[in-house]
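K.L.:
Attaching a single structure in structure tokens format; questions to follow.
The values are calculated or read from the model by the stated rules, or taken from the named source; none is laboratory data. Small disclaimer: the values here were computed from a predicted structure and weren't measured. Methodologically, a virtual Cβ is constructed for each residue, glycine included, from the backbone with ideal geometry; neighbour enumeration extends over all protein chains shown. Surface accessibility is based on the protein's heavy atoms, side chains included, excluding ligands, DNA and RNA. Shrake-Rupley method; radii C 1.70, N 1.55, O 1.52, S 1.80 Å.
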Amino acid sequence: MDIQAAILWEQKQPLSVEAAVLDAPGPGEVLVEVKAAGVCHSDLHPARGDWPAKTPLVLGHEGAGIVRAIGPAVTQVSAGDHVVLCWAPACGECPPCREGRAVLCDRLDKTTYRNRLPSGGSRLHAREQDVAAFLGTACFSNFVVVPQEAAIPVARDLPFDALATLGCAVLTGVGAVTNAAKVPAGARVAVIGAGGVGLNVVQGAAIAGSERVIAIDLRPAPLAIAATFGATDTIDAAGDVPPAVRSLTNGRGADFVFDTVGSPATLATAIASTRKGGAVVLTGLSRVDSQGSIPMFPFVMQEKRLIGSVYGSGNPARDIPRLVSLYQDGRLKLKELVSRTYSLDRVNDALDALAASDGARGVIRWS
């Protein structure tokens, strides 16, 4: 079928919105009409050349839409279902899956992280050549073909622009709190970076019943938004952050510090802001060649922990419906995450705004 897609033909160059051809879904695959797609830093990194990527490539991995057709042997969704797209569809059979760590599924190394579908084939074509689907999702297009495991059914009365953010930012941020760190009620939490993921760490910590939730950012606008998402305190990151965190935690430091930026500097700040026996949870992805350093002696003597967390450290097929329930109960903010909306032909404007973001999320919408 003929579709419209935003194609990255060359890194560090603007995306080209143009006609493309999408094959029908194969066995175990479904055709989804994309109704909304979030614009995430993980889309910006390959576009700007921070991560290596083979082009041509259709970006976009936060999406929600409607199943329009199903391929043979599909049993988990039906035509007409409203779905949130999951860019890490687990096989359910490998050792990490059997351990309950679906986001570490071995199949993802051969499929998602190589911008392929589990079938290994390409369903997208343009200019008489195959086009890869970023993270197997490619939702900067009006239709996509994904494996059935990547389409998580949700209620049909929920707004698509809110649902789109569930597919990455919300799951990553809230999941880092509940699954990776297992933050208990009464904890003192600090969050470095108040962007899309950081805001969801903030509200995840608030939902968990944290005593203090300290948001840290260089920009005043994201800090103001963080206060509406449950931050009890805010800190300007231009200053000396670790003493400021200690002053808000009876001189001890935070029980948990979440680094949603992922730079060597923010990692050092996170470790210095954590109390003895506390944990640093790293969710931020920077350049692939970035290296952080740890002051080893005090790290050991103070028994601090460093935890990596990807995509919420859980099982998206289970966690996305749970997050939808929290939203329906009024405990989770979704619509408030969306500060800017765009049509697909303005996708480059959306990426530029993200690079200079004042917080919250941009979303591409289709009527």
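K.L.:
Pull out all pairs, ordered by first then second residue, where Cβ-Cβ is under 6 Å, the residues are six or more apart or on different chains, the first lies in segment 85-101 and is touching a residue at least 12 places away in the same chain (Cβ under 8 Å), and the second is open to solvent by 50 Å² or more (accessible area, probe 1.4 Å).
P.N.:
Cβ pairs passing all conditions: PRO89/GLU149; CYS91/ARG107; CYS94/ASP106.
K.L.:
Can you find a residue in segment 152-164 that is open to solvent by 60 Å² or more (accessible area, probe 1.4 Å), small (Gly, Ala, Ser), farther than 21 Å from GLY60 by Cα and in contact (Cβ under 8 Å) with a residue 24 or more places away in the chain?
P.N.:
No, segment 152-164 contains no residue that is open to solvent by 60 Å² or more (accessible area, probe 1.4 Å), small (Gly, Ala, Ser), farther than 21 Å from GLY60 by Cα and in contact (Cβ under 8 Å) with a residue 24 or more places away in the chain.
K.L.:
Taking the options LEU8, LEU22, name whichever one is closer than 20 Å to VAL83 by Cβ and open to solvent by less than 10 Å² (accessible area, probe 1.4 Å).
P.N.:
LEU22
K.L.:
For segment 326-356, what are the residues that are open to solvent by 50 Å² or more (accessible area, probe 1.4 Å), within 19 Å of ALA208 (Cα to Cα) and in a helix (DSSP H, G or I)?
P.N.:
GLN328
For every residue, the table says whether it meets (1) farther than 21 Å from PRO321 by Cβ; (2) open to solvent by 10 Å² or more (accessible area, probe 1.4 Å); (3) not in a loop (DSSP other than H, G, I, E, B).
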| site | (1), (2), (3) |
| --- | --- |
| GLY173 | no, no, yes |
| GLY186 | yes, yes, no |
| GLY198 | yes, no, yes |
| ILE216 | yes, no, yes |
| ALA221 | yes, yes, yes |
| ALA224 | yes, yes, yes |
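Per-residue answers, yes or no, for (1) in contact (Cβ under 8 Å) with a residue 12 or more places away in the chain; (2) over 18 Å from VAL183 (Cβ atoms); (3) out of contact with any Pro (no Cβ under 7 Å at 6 or more places or on another chain); (4) of a type in the set (Val, Ile, Thr):
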{"position": "LEU285", "(1), (2), (3), (4)": "yes, yes, yes, no"}
{"position": "PHE299", "(1), (2), (3), (4)": "yes, yes, yes, no"}
{"position": "ILE307", "(1), (2), (3), (4)": "yes, no, yes, yes"}
{"position": "TYR311", "(1), (2), (3), (4)": "yes, no, yes, no"}
{"position": "PRO316", "(1), (2), (3), (4)": "yes, yes, yes, no"}
{"position": "ILE320", "(1), (2), (3), (4)": "yes, yes, yes, yes"}
{"position": "ALA350", "(1), (2), (3), (4)": "yes, yes, yes, no"}
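For every residue, the table says whether it meets (1) open to solvent by 30 Å² or more (accessible area, probe 1.4 Å); (2) part of a loop (DSSP other than H, G, I, E, B); (3) among the charged types (D, E, K, R).
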site: ILE235; (1), (2), (3): no, no, no
site: GLY239; (1), (2), (3): yes, yes, no
site: ARG246; (1), (2), (3): yes, no, yes
site: THR249; (1), (2), (3): no, yes, no
site: ARG252; (1), (2), (3): yes, yes, yes
site: PHE256; (1), (2), (3): no, no, no
site: ALA265; (1), (2), (3): yes, no, no
site: ALA268; (1), (2), (3): yes, no, no
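K.L.:
To continue, here is another question. Can you tell me how many residues within segment 102-120 are free of Cβ contacts under 8 Å to residues at least 12 places away in the same chain and among the acidic types (Asp, Glu)?
P.N.:
So the answer is 1.
K.L.:
For ARG123, work out the one condition from (1) farther than 18 Å from THR55 by Cβ; (2) basic (Lys, Arg); (3) touching a residue at least 40 places away in the same chain (Cβ under 8 Å) it doesn't fulfil.
P.N.:
Here ARG123 clears every test but (1).
K.L.:
Also, I was wondering about something else. Can you tell me which residue among THR178, THR234 is β-branched (Val, Ile, Thr) and either out of contact with any Leu (no Cβ under 6 Å at 6 or more places or on another chain) or under 16 Å from GLY312 (Cβ atoms) (or both)? Quick ask: steps written out before the conclusion?
P.N.:
On the way: THR234 fails: either out of contact with any Leu (no Cβ under 6 Å at 6 or more places or on another chain) or under 16 Å from GLY312 (Cβ atoms) (or both).
THR178 is the lone residue from the list that is β-branched (Val, Ile, Thr) and either out of contact with any Leu (no Cβ under 6 Å at 6 or more places or on another chain) or under 16 Å from GLY312 (Cβ atoms) (or both).
K.L.:
Restricting to segment 108-123, count the residues that are farther than 17 Å from VAL32 by Cβ and either in contact with an Asp or Glu (Cβ under 6 Å, 6 or more places away or on another chain) or of a type in the set (Lys, Arg) (or both).
P.N.:
Number of matching residues: 3.
K.L.:
Give the residue that is nearest to the chain's Cα centre (by Cα), with candidates limited to residues of segment 276-296 that are under 24 Å from TRP51 (Cα atoms) and open to solvent by 70 Å² or more (accessible area, probe 1.4 Å).
P.N.:
Within segment 276-296, the match that is nearest to the chain's Cα centre (by Cα) is LEU285.
K.L.:
What is the number of the single condition among (1) more than 30 Å from GLY330 (Cα to Cα); (2) within 20 Å of the chain's Cα centre (by Cα); (3) open to solvent by 10 Å² or more (accessible area, probe 1.4 Å) that ALA138 does not meet?
P.N.:
ALA138 satisfies every listed condition except (3).
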